[in-house]
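**Student:** Sending over a structure as structure tokens; questions will come in a sec.
The values are calculated or read from the model by the stated rules, or taken from the named source; none is laboratory data. Because the structure is a prediction, the values reported are computed rather than measured. Counting neighbours? That spans all protein chains shown, and the Cβs are built from the backbone with ideal geometry, glycine included. In case anyone asks, the SASA skips ligands and DNA or RNA and just uses the protein heavy atoms, side chains included. Shrake-Rupley method; radii C 1.70, N 1.55, O 1.52, S 1.80 Å.
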Amino acid sequence: MDNVGFEARGVRKTFPGVLALQDVGIKLRGGSIHALLGENGAGKSTLIKIITGVHRPDSGEMLLNGAPVRFEGPREAIAAGIGVVHQERNLVPRFSVGENILLERLGGGLLRPIDYAAIHAEARRWLDVLELDLDPRTPVSQLNVAKMQLVEIAKALSLRSRVLLLDEPTASLTPHESLVLFGLLRKLRDEGVGILFVSHKLEEVQAICDEVTVLRDGRNACESRSMAGLERQDLVRLMIGRSEQIPNWTPRDRGAAEPMLELRDVSTSLGHKAVDLTVRRGEIVGLYGLVGAGRTELAKCILGLHAITQGAIVVAGRPERIADVADAVHRCKIGYISEDRKQEGLVLTHSVLQNAGITVWRGLANRLRLLGDRTVRSHVLPFIRKLEVRTPSLAQTVSNLSGGNQQKISVAKWLAAGARILIVDEPTVGIDIKTKAYIHELLRQLADEGTAILLITSDMPEIITLADRIVVMDDYRIKGDIINDRSYAPMSERIMHLIHDRDAA
């Protein structure tokens, strides 16, 4: 066994109505970065949870440094030197950043108080490693999604694990943050750590990984194969059973179409200043900026979650004072697909049907305000099927689905609502290649049918693929507005120039 740090053989796992894994194997060598690929629902997160003791396999065996292991819980895995960053964040919101990073070592003893100064000093070391300028005393509840992800990574690194499992670690990170992380992972690899790297971003996999295991429908499509000689299309075929279909959409000019959403000289209580923005009927406007630019915050001000202190919001030619989210959804027909599906997009303890139908309950209820599941089901089922949501039934609890399938439900509920203006915030984070392509096609189709779409994404290829115009934001201000000709290199250069041009406005 050539330096195999961790090995799984013949792993099988079932859940009620679902065969999640069947006869799955993987060999993770010390001193290598090993990609684990597959579509949403292929079994990647389930395999990681089995390795780390969250789930128990129905059959199969696991070996750590050649010796059989069976963990009864995550703490046993941590004690054995296995660290993990799960796709679902596992932070305590009311605890500080430092307390979360050192969570496994907080106890000061029966009569000895916790040394918070030492905790925050140790946490600061790991934040510095990730080049994250963040006070360790900051409550996690005050962080955005990207910073929460980096705190999760710092927490895993602080355990000094010899086997490190990373499930979609770059999903919410900027390109710079990802590059810092990759440099650190290469250093850990060179020190002999075995790293399992899960990502839907194949360019990252090709850049950093030495070996690959691919799961398809809960089985091995390939096991522990060298990345040498494998091209992007080879990986795609292993994942989905066919080649990737890349759209060749031509640029569109919607300049003569009716404005559906206008921000006129808008300032907000969060710090936006003099924002002018127009989204026309049938137009996709991409809102691009680095993390912290104020894009998601602007969307929440449009939805009435924070105050507009100056200027006007105009919907379909009429100035509107949007009181709250319900007002935005039901009166102004504005939908919002949140970047944080777990906290804002879904009710995880409720069923697929309840989540997908929540936006249509008011419209479908009869005069007596009565609404049956059959009525909701007939309305939302076409969208569930269209998005190919993998679920045993519409009664399945959403928390039991994979992250990608949860994201599909976030999209489905707004399609069912018939929003005429759709704000889409990081719609394909954690989404597999096939579903990502489908969501792109769906957004394009919605625009062709007249929906005005404001697309917020940190994925440069995505915004250049989809947007008709690209509006660049930095430091809560609009820096420029570019017609998208879909020439990737020139467009990305113009976008980054606007971000870094201090005089642009």
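**Student:** In the stretch 275-289, which residues are open to solvent by 30 Å² or more (accessible area, probe 1.4 Å) and either within 27 Å of SER172 (Cα to Cα) or part of a strand (DSSP E or B) (or both)?
**Tutor:** Of all residues in the stretch 275-289, those open to solvent by 30 Å² or more (accessible area, probe 1.4 Å) come to 276, 278, 280-281.
Listed by number, the residues that qualify are ASP276, THR278, ARG280.
**Student:** Any residue at all in the stretch 228-250 that's closer than 30 Å to ALA328 by Cα, out of contact with any Gly (no Cβ under 8 Å at 6 or more places or on another chain), in contact (Cβ under 8 Å) with a residue 24 or more places away in the chain and aliphatic (A, V, I, L, M)? Show your work before the answer.
**Tutor:** The initial filter retains those residues of the stretch 228-250 that are closer than 30 Å to ALA328 by Cα, namely none.
No, that holds for no residue.
**Student:** From the list ARG112, ARG137, ARG89, ARG94, exactly one residue is in a loop (DSSP other than H, G, I, E, B), farther than 13 Å from ALA156 by Cα, open to solvent by 40 Å² or more (accessible area, probe 1.4 Å) and at pLDDT below 90. Which is it?
**Tutor:** The conditions single out ARG112.
**Student:** Can you spot a residue in the stretch 23-36 that is at pLDDT 90 or above and assigned to a loop (DSSP other than H, G, I, E, B)?
**Tutor:** Here is the first cut: in the stretch 23-36, the residues at pLDDT 90 or above are 23-36.
Imposing the further condition that a residue be assigned to a loop (DSSP other than H, G, I, E, B) reduces the set to 30-31.
Among the residues of the stretch 23-36, at least one is at pLDDT 90 or above and assigned to a loop (DSSP other than H, G, I, E, B), which makes the answer yes.
**Student:** Among the numbered criteria (1) more than 15 Å from ALA419 (Cβ to Cβ); (2) without any contact (Cβ under 8 Å) to a residue 24 or more places away in the chain; (3) part of a helix (DSSP H, G or I), which one does ALA326 miss?
**Tutor:** (1)
**Student:** Here is a follow-up. Whether any residue in the stretch 387-394 is modelled with pLDDT under 85, charged (D, E, K, R), surrounded by fewer than 16 Cβ atoms within 10 Å (Cβ to Cβ) and under 22 Å from the mean Cα position of the chain (by Cα) is what I want to check.
**Tutor:** yes
**Student:** Would the stretch 71-80 turn up any residue that is open to solvent by less than 50 Å² (accessible area, probe 1.4 Å), assigned to a strand (DSSP E or B) and either in contact with a helix residue (DSSP H, G or I) (Cβ under 8 Å, 6 or more places away or on another chain) or free of Cβ contacts under 8 Å to residues at least 60 places away in the same chain (or both)?
**Tutor:** Start the filter on the stretch 71-80 by keeping residues that are open to solvent by less than 50 Å² (accessible area, probe 1.4 Å), which leaves 71, 73, 77, 80.
From the residues that got through so far, the ones that are assigned to a strand (DSSP E or B) too are none.
Scanning the stretch 71-80 turns up no residue that is open to solvent by less than 50 Å² (accessible area, probe 1.4 Å), assigned to a strand (DSSP E or B) and either in contact with a helix residue (DSSP H, G or I) (Cβ under 8 Å, 6 or more places away or on another chain) or free of Cβ contacts under 8 Å to residues at least 60 places away in the same chain (or both).
**Student:** Further question: Kindly indicate whether any position in the stretch 207-215 is in contact with an Asp or Glu (Cβ under 9 Å, 6 or more places away or on another chain), open to solvent by 10 Å² or more (accessible area, probe 1.4 Å) and outside any strand (DSSP E or B).
**Tutor:** No, that holds for no residue.
**Student:** Could you grab me the full set of residues in the stretch 159-187 that are more than 23 Å from ILE50 (Cβ to Cβ), among the aliphatic types (A, V, I, L, M) and in contact with a helix residue (DSSP H, G or I) (Cβ under 9 Å, 6 or more places away or on another chain)?
**Tutor:** Within the stretch 159-187, LEU173, VAL180, LEU181, LEU184 qualify.
**Student:** Looking at (1) open to solvent by 50 Å² or more (accessible area, probe 1.4 Å); (2) touching a strand residue (DSSP E or B) at 6+ places or on another chain (Cβ under 6 Å), which is the one condition that is false for LEU37?
**Tutor:** All conditions pass for LEU37, except number (1).
**Student:** Which of the following residues is in contact (Cβ under 8 Å) with a residue 60 or more places away in the chain, of a type outside the set (A, V, I, L, M, F, W, C) and not in a strand (DSSP E or B): GLY292, GLY255?
**Tutor:** Working: GLY255 fails: in contact (Cβ under 8 Å) with a residue 60 or more places away in the chain.
Just one listed residue meets the conditions, GLY292.
**Student:** How about the stretch 329-355: which of its residues are part of a helix (DSSP H, G or I) and among the aliphatic types (A, V, I, L, M)? Steps first, answer last, please.
**Tutor:** We begin by selecting, within the stretch 329-355, every residue part of a helix (DSSP H, G or I); these are 329-330, 341-345, 352-355.
Once the filter is applied, which keeps residues that are part of a helix (DSSP H, G or I) and among the aliphatic types (A, V, I, L, M), the stretch 329-355 yields VAL329, VAL352, LEU353.
**Student:** Within the stretch 221-252, track down each residue that is assigned to a loop (DSSP other than H, G, I, E, B), at pLDDT 90 or above and open to solvent by 40 Å² or more (accessible area, probe 1.4 Å).
**Tutor:** First, pick out the residues of the stretch 221-252 that are assigned to a loop (DSSP other than H, G, I, E, B): 227-231, 241-252.
When the remaining residues are screened for being at pLDDT 90 or above, the result is 227-231.
Matches in the stretch 221-252: ALA228, GLY229, GLU231.
**Student:** Do you know which residues across the stretch 174-192 are assigned to a loop (DSSP other than H, G, I, E, B) and either buried (at least 22 other Cβ atoms within 10 Å of the Cβ) or at positive phi (or both)? Break it down into steps so the answer makes sense when it comes.
**Tutor:** From the stretch 174-192, those assigned to a loop (DSSP other than H, G, I, E, B) are 174, 191-192; that's our starting set.
Matches in the stretch 174-192: GLY192 only.
**Student:** Related question: Kindly provide the set of residues from the stretch 478-505 that are open to solvent by 20 Å² or more (accessible area, probe 1.4 Å) and under 16 Å from THR278 (Cβ atoms), ordered by number.
**Tutor:** ILE478, ASP481, ILE483
**Student:** Kindly establish whether LEU348 is at pLDDT below 85, closer than 30 Å to PRO169 by Cα, open to solvent by less than 70 Å² (accessible area, probe 1.4 Å) and not charged (D, E, K, R). Before the answer, list the steps.
**Tutor:** On the way: at pLDDT below 85: yes; closer than 30 Å to PRO169 by Cα: yes; open to solvent by less than 70 Å² (accessible area, probe 1.4 Å): yes; not charged (D, E, K, R): yes.
In short, yes.
**Student:** Can you name every residue in the stretch 429-457 that is at pLDDT 85 or above and either within 13 Å of the chain's Cα centre (by Cα) or of a type in the set (Lys, Arg) (or both)?
**Tutor:** Of everything in the stretch 429-457, those that are at pLDDT 85 or above and either within 13 Å of the chain's Cα centre (by Cα) or of a type in the set (Lys, Arg) (or both) turn out to be ARG444, ILE456, THR457.
**Student:** Which pairs do you get when a residue that is at negative phi, found in the stretch 467-478, comes within reach of a residue that is of a type in the set (Lys, Arg) and assigned to a loop (DSSP other than H, G, I, E, B), reach meaning Cβ atoms under 7 angstrom, with the pair 6+ apart or on two chains?
**Tutor:** Listed pairs, sorted by first residue: ASP468/ARG252; ASP468/ARG254; ARG477/LYS273.
**Student:** Select, from HIS272, HIS306, the only residue that is of a type outside the set (A, V, I, L, M), open to solvent by 40 Å² or more (accessible area, probe 1.4 Å) and farther than 14 Å from LEU454 by Cβ.
**Tutor:** Values: HIS272 fails: open to solvent by 40 Å² or more (accessible area, probe 1.4 Å).
Testing whether each residue is of a type outside the set (A, V, I, L, M), open to solvent by 40 Å² or more (accessible area, probe 1.4 Å) and farther than 14 Å from LEU454 by Cβ leaves just HIS306.
**Student:** Hey, among the residues in the stretch 119-134 that are at pLDDT below 90 and farther than 16 Å from ALA156 by Cβ, which one's surrounded by the fewest Cβ atoms within 10 Å (Cβ to Cβ)? So that I can check it myself, show each step before the final result.
**Tutor:** Pass one, the stretch 119-134, residues at pLDDT below 90: 129-133.
Keeping just the survivors that are farther than 16 Å from ALA156 by Cβ gives 131, 133.
Working: GLU131: 14, ASP133: 7.
Selected residue: ASP133.
**Student:** While we're on this one: Out of the residues in the stretch 24-39 that are out of contact with any Leu (no Cβ under 9 Å at 6 or more places or on another chain) and not hydroxyl-bearing (Ser, Thr, Tyr), state the one that is farthest from LEU165 (Cα to Cα).
**Tutor:** In the first step, residues of the stretch 24-39 are kept if they are out of contact with any Leu (no Cβ under 9 Å at 6 or more places or on another chain); the result is 25, 27, 29-32.
From what's left, not hydroxyl-bearing (Ser, Thr, Tyr): 25, 27, 29-31.
Values: GLY25: 16, LYS27: 13, ARG29: 12, GLY30: 12, GLY31: 13 Å.
Checking each candidate, the answer is GLY25.
**Student:** In this structure, does ARG390 turn out to be part of a helix (DSSP H, G or I) and of a type outside the set (Val, Ile, Thr)?
**Tutor:** Details: part of a helix (DSSP H, G or I): no; of a type outside the set (Val, Ile, Thr): yes.
Against the criterion (part of a helix (DSSP H, G or I) and of a type outside the set (Val, Ile, Thr)), ARG390 does not qualify.
**Student:** Would you pick out the residues in the stretch 405-430 that are over 20 Å from ASN144 (Cα atoms) and touching a His at 6+ places or on another chain (Cβ under 8 Å)?
**Tutor:** ALA416
**Student:** A further question follows. How many of the residues in the stretch 43-70 are closer than 24 Å to LEU401 by Cβ and either assigned to a strand (DSSP E or B) or open to solvent by 20 Å² or more (accessible area, probe 1.4 Å) (or both)?
**Tutor:** Going residue by residue through the stretch 43-70, those that are closer than 24 Å to LEU401 by Cβ are 43-60.
The next check asks that each one be either assigned to a strand (DSSP E or B) or open to solvent by 20 Å² or more (accessible area, probe 1.4 Å) (or both); those that pass are 45-46, 49, 54-56, 58-60.
Looking only at that region, the number is 9.
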